[in-house]
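Before any comments, here is the structure.
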Amino acid sequence: MLIRKIIVRKITRLAILVALTTAALAACSTTSIVAKTNPKMVFPLPFTMDQPPLLLPLDFSYLGASTDAEDLNAKVASLVSQKFGDHLVTSQSMAESLGRLAVRFAQDINGAALAETWSLIGEENRKALVKEIDTVRPFLESRLSPSGFAAPNYRPRFLISLHSYGSSASAVIGKAYSLDVYSWGAVYDLQRSEIVSFYSSSQAIADDEKALAEQLALVYENMINYLLEGSQKDKT
């Protein structure tokens, strides 16, 4: 009964986040949305409050923005973490150890999506990433457990991978030039060794330090909502 109540509260909160984030996304121009869920998986994704999904480090160095990438990484990760609270564990502080592997993992996931498969094309990056997560797990536990975001012996079943590519555009949004941004994300199930949900979208976002962080956070929050909640019908 206790587990059922926790799951109901979790689903209700995430449903509210979906509505709020979708409305906020109206502030930026979004096109070309692709959203898919693995037909073998039941949604919302099943996870316990002491073993929430792990969000891999973000890396906006491929965005082509005028803002410092490391600063943007930290700001967006912080905004996303604030939004989801204990429903998500962020590993941005582990970027030095996990960052390079996380980018390769994200690229493999996008390749799998383009190939229309739920399995990764190559396994090398996944194996290396999982091994490195195991290596830094004690650091994750020591940093997260006192804050209540994860229990000791934290071993997440689900990895959330998000990434973006961008290029400058001649259009002006407000007082800044815009960036054409392609973002994608997926949840990888370590138990099944499969991608269980995928989401991608393209946006025109102002290349302004404050606006860029806020808009990217909204894009990523929207992706996470879908990736965890799924939907009854895929959208393209």
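The values are calculated or read from the model by the stated rules, or taken from the named source; none is laboratory data. Remember, it's a predicted structure, so these values are computed and weren't measured experimentally. Heads up, the Cβs are rebuilt from the backbone with ideal geometry, glycines too, and the neighbour counts pull from every protein chain shown.
Here the condition is being of a type in the set (D, E), surrounded by fewer than 18 Cβ atoms within 10 Å (Cβ to Cβ) and modelled with pLDDT of 90 or more; of D59, D68, it holds for D68 alone. From D86, D108, grab the single residue that is more than 27 Å from L179 (Cα to Cα) and either not in a loop (DSSP other than H, G, I, E, B) or not hydroxyl-bearing (S, T, Y) (or both). Only one candidate qualifies: D86. One residue stands out in the range 82-131 among those that are surrounded by fewer than 13 Cβ atoms within 10 Å (Cβ to Cβ) and under 16 Å from the mean Cα position of the chain (by Cα): the one that is farthest from H163 (Cα to Cα), namely G85. If you go through the range 126-139 one residue at a time, do you hit one that is modelled with pLDDT under 85, more than 24 Å from V219 (Cα to Cα) and assigned to a loop (DSSP other than H, G, I, E, B)? No, the range 126-139 contains no residue that is modelled with pLDDT under 85, more than 24 Å from V219 (Cα to Cα) and assigned to a loop (DSSP other than H, G, I, E, B). Out of the residues in the range 107-123 meeting the condition of being more than 22 Å from L58 (Cβ to Cβ) and charged (D, E, K, R), tell me which one is modelled with the lowest pLDDT. Among those residues, the one meeting the criterion is E123.
Output yes when any residue across the range 64-85 is of a type outside the set (K, R) and more than 23 Å from E209 (Cα to Cα), and no when none is. Break it down into steps so the answer makes sense when it comes.
Our first condition is that a residue be of a type outside the set (K, R); within the range 64-85, this holds for 64-74, 76-82, 84-85.
From what is left, the residues that are more than 23 Å from E209 (Cα to Cα) are 85.
Yes, the range 64-85 contains at least one residue that is of a type outside the set (K, R) and more than 23 Å from E209 (Cα to Cα).
What residue, among those in the range 195-219 that are in contact with a Gly (Cβ under 7 Å, 6 or more places away or on another chain) and buried (at least 23 other Cβ atoms within 10 Å of the Cβ), is farthest from S168 (Cα to Cα)? So, considering only residues that are in contact with a Gly (Cβ under 7 Å, 6 or more places away or on another chain) and buried (at least 23 other Cβ atoms within 10 Å of the Cβ), the one farthest from S168 (Cα to Cα) is S197.
Yes/no matrix, rows are residues, columns are (1) over 14 Å from L216 (Cβ atoms); (2) in contact with a Pro (Cβ under 8 Å, 6 or more places away or on another chain):
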{"site": "A35", "(1), (2)": "yes, no"}
{"site": "K40", "(1), (2)": "yes, no"}
{"site": "T48", "(1), (2)": "yes, no"}
{"site": "P52", "(1), (2)": "yes, yes"}
{"site": "A65", "(1), (2)": "no, no"}
{"site": "D86", "(1), (2)": "yes, yes"}
{"site": "G99", "(1), (2)": "yes, yes"}
{"site": "I109", "(1), (2)": "yes, no"}
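Across the range 177-220, the number of residues qualifying as farther than 21 Å from G64 by Cα and not basic (K, R) comes to 13.
Out of S91, S78, report the one residue that is under 22 Å from I205 (Cα atoms) and of a type outside the set (F, W, Y). Before the answer, list the steps.
On the way: S91 fails: under 22 Å from I205 (Cα atoms).
Criteria check complete, one pass: S78.
In the range 26-83, which residues are within 17 Å of L228 (Cβ to Cβ), assigned to a helix (DSSP H, G or I) and of a type in the set (K, R)? Once the filter is applied, which keeps residues that are within 17 Å of L228 (Cβ to Cβ), assigned to a helix (DSSP H, G or I) and of a type in the set (K, R), the range 26-83 yields only K83. Within the range 174-194, restricting attention to residues that are surrounded by fewer than 23 Cβ atoms within 10 Å (Cβ to Cβ) and of a type in the set (A, V, I, L, M), the residue that is farthest from the chain's Cα centre (by Cα) is A176.
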